[in-house]
Amino acid sequence: MAADFITQMQLKNDLWVFALNFYQQPQVEANCLMLQNHFGLSVNRLIFACWSGVRGIRLTPERLNSAADAWQAEVTHPLRKVRYQVRKERSANPQLDECYQALRQAELKCEQVELALLFEMSESWQDGSASVRLAEENMVCYLKSMKLPISTEIELAFKPLLNAVIAYLGTNPDE
């Protein structure tokens, strides 16, 4: 059970703060959700890949496998499925809006736990030189771990994420 993976975790951490700020950058939310809905990618893993690049950490397939995967599969995804079902029903019955909003908040809290698990796992990794290229390489590593080829559509969706990394680092994209 996913609860077996939960230890004394730090829910408010550097990754969580980065995720909240990053997700609000222009076009990041829309592109992350498109990648999630069309390609089955995890928004949290995309954010984690970018944050790792900002920290100068190179991801590997082994580093992408973690307790967060079990939490996501056993808790977050089933809750999201319920939320989507209520969202459909809500159009015919607006009285379900309160239920839908509560499910949205619960899903966000589940995603916060997932990010805390990723943060906890990465705490022992040595930081290196931050770069936009490393963030991009980390996202490509994630794609490969999901056995997805890099398509034009995915590359275009990555651009706003990389622009947000550029803004965060305050660097030239060629650096």
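The values are calculated or read from the model by the stated rules, or taken from the named source; none is laboratory data. Keep in mind that this is a model prediction, so the values were computed, not measured. Here the Cβ positions follow ideal geometry from the backbone for every residue, glycine too, while neighbour counts run over all protein chains shown.
Computed values, structure above
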{"quantity": "Test: residue in segment 152-167 that is assigned to a loop (DSSP other than H, G, I, E, B) and within 22 Å of V54 (Cβ to Cβ)", "calculated": "no"}
{"quantity": "Residue check for S145: hydroxyl-bearing (S, T, Y), surrounded by 15 or more Cβ atoms within 10 Å (Cβ to Cβ) and more than 26 Å from K81 (Cα to Cα)", "calculated": "no"}
{"quantity": "Test: N163 is surrounded by 16 or more Cβ atoms within 10 Å (Cβ to Cβ), under 28 Å from N13 (Cβ atoms), polar (S, T, N, Q) and at pLDDT below 95", "calculated": "yes"}
{"quantity": "For D97: the one exception among (1) more than 16 Å from the chain's Cα centre (by Cα); (2) surrounded by 13 or more Cβ atoms within 10 Å (Cβ to Cβ)", "calculated": "(2)"}
{"quantity": "Residue check, L11 buried (at least 17 other Cβ atoms within 10 Å of the Cβ) and either closer than 30 Å to S124 by Cβ or in contact with a helix residue (DSSP H, G or I) (Cβ under 7 Å, 6 or more places away or on another chain) (or both)", "calculated": "no"}
{"quantity": "Among residues of segment 1-28, those that are of a type in the set (G, A, S) and modelled with pLDDT under 95, counted", "calculated": "2"}
{"quantity": "Test for Q85: is it out of contact with any strand residue (DSSP E or B) (no Cβ under 9 Å at 6 or more places or on another chain), modelled with pLDDT of 95 or more and of a type outside the set (A, V, I, L, M, F, W, C)", "calculated": "yes"}
